[in-house]
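Presented below is the structure to which this report refers.
The values are calculated or read from the model by the stated rules, or taken from the named source; none is laboratory data. Bear in mind the structure is a predicted one, so any value in this text is a computation, not a measurement. Backbone-built Cβ (ideal geometry, glycine too); neighbour counts: all protein chains shown.
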Amino acid sequence: MQGWIPLVPDSASTFSWKVDALYFYLSGVTLFFTLLISIVLIFFVIRYRRRTPYEIPRPIAGSHKLETLWTIIPFLIAMTMFGWGARIYFEQYKPPQNAIEVYVVGKQWMWKLQHATGQREINELHVPVGRKIKLIMTTEDVIHDFFVPAFRTKADVVPGKYTTLWFEATKTGTYHLFCAEYCGMNHSGMTGSVIVMEPREFDNWLSGNASNTTPAAAGQQLFQTLGCASCHGANGEGGRGPTLAGLYGRQTPLESGQTIRADEAYIRESILNPQAKIVAGFGPIMPTFQGQVTEDQLVQLVAFIKSLPGGGTTAGTPGGSPAATSAASPAASGSPTRNAR
Ligand code: CUA
C-alpha cells in the first residue's frame with residue numbers, strides 16, 4: 001500500500017488493510033462532500049446574486065420532503081462509519097484465545113518485554129510471522145501507549161491495570177514501535193522496533209536466549225517467599241484461601257453474589273487489593289501486597305497462577321467428585337474462614 005501513496009506506513013498485519021480501507025472510505029466521503037458543498041456554494045453565490053439594489057427575493061416556505069431527505073442520507077452514511085468502525089474495533093480489542101503471550105512493562109522511557117519462555121527484551125520485540133501475538137501490558141509510572149503503525153494497532157498502557165493488545169504480522173521485517181502518549185521529557189525517544197521473523201528463525205532466536213527463568217518459574221519462587229503458599233497451597237490447590245489451580249479463565253462466584261471471569265486484571269487486583277472482589281465462601285483475611293511487589297514481580301505471579309493446571313476437580317466440572325475438593329473448600333467444611341487466623 002505504501003508504494004503508491006506517500007506517508008502511508010508499511011502494511012504488515014492482518015488489521016492493516018481493514019484499517020486502511022476504512023480510512024480511505026472516511027477520506028473519500030469527506031472529500032466528496034467537501035467538493036459537493038463547495039461547488040454548490042459557488043454555483044448558488046453566482047446564480048442567486050443580487051442583481052439590482054432594490055431587488056426583493058421570493059419568500060421560501062420550506063420543504064419537509066427535502067429536510068427529511070437531507071437528514072436521513074447523512075444519518076445512513078454516519079451509521080456505515082459507526083458500524084464499520086465498531087466491527088474493526090471489536091476485532092482488535094478482543095484478544096484471541098490461542099495467542100503467544102508477551103508481557104510488556106512501560107517505564108520512563110523504555111519498553112521492557114518478556115516472553116513466556118523467560119527471554120527479556122528492551123525496546124525490541126521479536127515475533128514470528130503468521131502467529132497471533134497477545135501483549136499483556138502495564139507501566140511502572142505514567143501512561144504510555146504501545147503503537148506499531150505498520151500493524152495499525154495501538155493501546156494505552158495504564159498504571160495500576162493490565163491492558164491487552166493483539167496482532168498477527170503478515171510480513172517479515174523490522175517495524176517502528178512508538179510510545180503514542182505524551183509521557184514526559186524523553187517521550188519522543190521512547191521508541192523501539194518489532195522484528196517479525198520466519199517461525200523457524202524465531203524458534204532459533206528464542207532457544208538461543210534460553211538462559212533465563214520463565215516468568216512462571218520466577219512467580220513460583222515469589223509465591224513461596226511472599227508466603228502465598230501458606231493459604232493457597234504450594235501448588236495453588238487451596239486451603240484457607242481459594243484454589244488458584246485452574247483459576248485463569250474460569251467463571252468465579254464472588255461473595256457479593258456476582259460472578260467474574262478470572263483474567264490477568266482480576267488476579268492482579270486480588271494481589272494488590274484483595275478485599276475488592278472476595279471469592280464466595282471466603283472472608284476478607286488476605287493482606288494487601290501493594291508496595292511489596294514490583295510490576296515485574298506481579299507479572300511473574302500472574303504468569304505462575306495462569307500456569308497452574310486445572311486438575312479437573314475444581315475447574316467448572318459439575319460432574320466431578322465433590323469429595324475430592326471438599327478438603328480445600330471452606331464452603332463445604334462449614335467452618336467460617338473469618339476465624340482462620
Ligand atoms: Cu512513554 Cu510517551
Review point. In region 99-113, is there at least one residue being more than 16 Å from the ligand (Cβ to nearest atom) and not in a strand (DSSP E or B)?
Key: yes
Practice item. Collect the residues in region 84-121 that are surrounded by fewer than 20 Cβ atoms within 10 Å (Cβ to Cβ) and without any contact (Cβ under 8 Å) to a residue 60 or more places away in the chain, keeping them in residue-number order. Key: 86, 87, 89, 90, 94, 97, 98, 100, 101, 107, 121
Point to revise | Flag if residue 241 is small (Gly, Ala, Ser), farther than 26 Å from residue 135 by Cα, buried (at least 17 other Cβ atoms within 10 Å of the Cβ) and more than 24 Å from the chain's Cα centre (by Cα) | key: yes
Study note, to complete from the structure: Selection from region 123-143 of residues in contact with a Lys or Arg (Cβ under 8 Å, 6 or more places away or on another chain) and over 16 Å from residue 102 (Cα atoms) yields 140, 141
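Restricting attention to strands (runs of 3 or more DSSP E) lying wholly within region 135-189, give those where 1 or more residues are within 12 Å of the ligand (Cβ to nearest atom) and of a type outside the set (A, V, I, L, M, F, W, C).
144-148, 153-157
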Point to revise | Pairs with Cβ under 7 Å, 6+ apart, first in region 70-82 and in a helix (DSSP H, G or I), second among the hydrophobic types (A, V, I, L, M, F, W, C) | key: 77/29; 81/26
Review point. On the given criteria, is residue 131 within 19 Å of residue 205 (Cβ to Cβ) and either in contact with a strand residue (DSSP E or B) (Cβ under 8 Å, 6 or more places away or on another chain) or more than 16 Å from the ligand (Cβ to nearest atom) (or both)?
Key: yes
Point to revise | Residue in region 312-325 that is touching a Lys or Arg at 6+ places or on another chain (Cβ under 9 Å), buried (at least 17 other Cβ atoms within 10 Å of the Cβ) and at pLDDT 85 or above present | key: no
